[in-house]
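Visitor: One structure follows; several queries about it will come next.
What follows draws every value from the coordinates through simple rules; no lab data is involved. Keep in mind that this is a model prediction, so the values were computed, not measured. In this analysis, Cβ positions are derived from the backbone assuming ideal geometry, glycine residues included, and neighbour counts consider all displayed protein chains.
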Amino acid sequence: MSWANRRKMLYGGGVIIFLIVIIGIPSFLFLYKSPTCFDGIKNQKELGIDKGGPCVLLNNSQVQNIAVLWSRSFEVIPGIYNAIAQVDNPNFSAGAINVPYSFKLFDKDSVLISERKGRTYISPNKIISVFEGGIKTGERIPARTLFEFLEEPKWERVDNPIEGLKVRSRKLNNQGVTPRVDAVIENKSFVDIFDIEVIITIFNARDVAIASSRTVIDMLPKQSSKPVTFTWPQKFSDPVSRIDIVPQAPFRK
């Protein structure tokens, strides 16, 4: 090969390298997008699209099924009922927020009386209570209460679950007339806790729930306590054997 041809080849190769450096590499860097948990692609060792691996959202294969333990409704005054359900989440580090649910109240002939829909959170590794109050039933009497989630929870990894909410005391008064329960809720953690639901369930000697209610604490500072009171306008259907008070709050994301 003559020197002229070699010079042409060297010149052509130099031009190609120049174009790669000046145009190709910047174009690649501009067009290339690093994998993320929001790109709609199963990558970076994810178990599903944008789920599992390094992502906060979890794949369904990573969680155990939750269980609705029981659901009931209770007359507050004629034509007005409260409803409550208890749900067990056995997953130690998986929770869900904004999960839609439904309470359905049926009469003795399994005819629907009323339906109430709402949304709740599911905290990790806890039995949570879901409450709806003031459900109107007219002159019909509920005989069965059905609670169900309306869609699969969108599970996410929870690294900082809410801990430290305790019930320090509980006292029942006026059981035979207009019952009242006074209790003290403590925050034993080292962080302020917001949007605390405090749900109470009253049980008879057969350990059957006979009444429920709810109150809300907007914020409970760390290492502090606050009294709460629950009242009912008419006496319970049975003598009280057990009082269950559950303080719960949405987990921190």
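Visitor: Check cross-link reach from Lys166 to the aspartates and glutamates: straight Cα distance under 17 Å, and skip same-chain residues fewer than eight apart.
Guide: Asp182, Glu186, Asp192, Asp195, Glu197, Asp218, Asp244
Visitor: For Glu148 and Cys37, what is the calculated FRET efficiency with R₀ set at 30 Å and r taken between the beta-carbons, to the nearest 0.05? Numbers along the way, then the final one.
Guide: Numbers: r = 30 Å, r/R0 = 0.99.
After rounding, the FRET efficiency stands at 0.50.
Visitor: While we're on this one: Using θ = phi - 60° and the Karplus form 6.51 cos²θ - 1.76 cosθ + 1.60, what ³J(HN,Hα) does each residue of region 138-153 get, whole Hz, x for Gly and Pro?
Guide: Each residue's phi maps through the Karplus curve to give x, 8, 8, 10, x, 10, 8, 10, 10, 10, 8, 7, 8, 7, 5, x Hz.
Visitor: Residues of region 189-210 with the amide nitrogen closer than 14 Å to a label point 7 Å from the Cα of Ser225, along Cα-to-Cβ, please.
Guide: 189
Visitor: Turning to a different aspect of this structure: Show which lysines lie in cross-link reach of Lys154 when reach means a straight Cα distance below 21 angstrom and same-chain residues fewer than eight apart are skipped.
Guide: Here the lysines satisfying the reach criterion relative to Lys154 are Lys42, Lys45, Lys51, Lys117, Lys126, Lys253.
Visitor: Right, next: In percent, what relative contact order does region 63-161 have, based on Cα pairs under 8 Å that are 6 or more apart in sequence? All intermediate terms of the calculation are to be shown ahead of the outcome.
Guide: Details: 243 pairs, mean separation 36.3, N = 99.
Averaging sequence separation for qualifying contacts and normalising by length gives 37 percent for region 63-161.
Visitor: Using just the C-alpha positions of region 122-253 as equal point scatterers, what log10 of I(q)/I(0) does the Debye formula give at each q in 0.12 1/Å?
Guide: The Cα Debye sum returns log10 ratios of -0.57.
Visitor: Also, quick follow-up: With each run of n ≥ 4 DSSP H residues scored as -39500 (n - 2.57), what mean residue ellipticity at 222 nm is computed for the chain after dividing by its residue count and rounding to the nearest 500 deg cm²/dmol?
Guide: On the way: 2 runs with 24 residues, N = 253.
Calculated at 222 nm, the ellipticity per residue is -3000 deg cm²/dmol.
Visitor: Would you mind computing, in nm to one decimal, how far apart the modelled labels at Ser189 and Gln175 are, each placed 7 Å from Cα along Cα→Cβ?
Guide: Each label point is offset 7 Å from its Cα along the Cβ direction, giving 3.4 nm.
Visitor: Where the convex hull is taken over the Cα atoms of the chain, what is its projected area averaged over directions, in nm²?
Guide: On the way: hull surface 87.2 nm².
Average projection, Cα convex hull of the chain: 21.8 nm².
Visitor: Could I ask something else about it? Using Cα atoms only, what is the angle between the long axis of helix 3-19 and the major principal axis of the chain, expressed in degrees (0 to 90) to the nearest 10?
Guide: Once rounded, one gets 20 degrees.
Visitor: So, one more: Considering amide H positions built from the backbone, and no H for Pro or chain starts, which residues 5 or more places from Lys154, or on another chain, come under 5 Å of its amide H?
Guide: Correct list: Ile97.
Visitor: When we measure straight from the Cα of Lys235, which lysines land under 23 angstrom away, once same-chain ones fewer than 8 places off are left out?
Guide: The reachable lysines, counting only those whose Cα sits under 23 Å from Lys235, are Lys136, Lys171.
Visitor: Express the relative contact order of the chain as a whole percentage, based on alpha carbon pairs under 8 Å and six or more residues apart in sequence.
Guide: Numbers: 552 pairs, mean separation 40.6, N = 253.
Relative contact order here is 16 percent.
Visitor: How many Å³ per residue does the convex hull of the Cα positions in region 100-182 occupy?
Guide: Numbers: hull volume 11.9 nm³, N = 83.
In region 100-182, the Cα hull volume divided by residue count equals 143 Å³.
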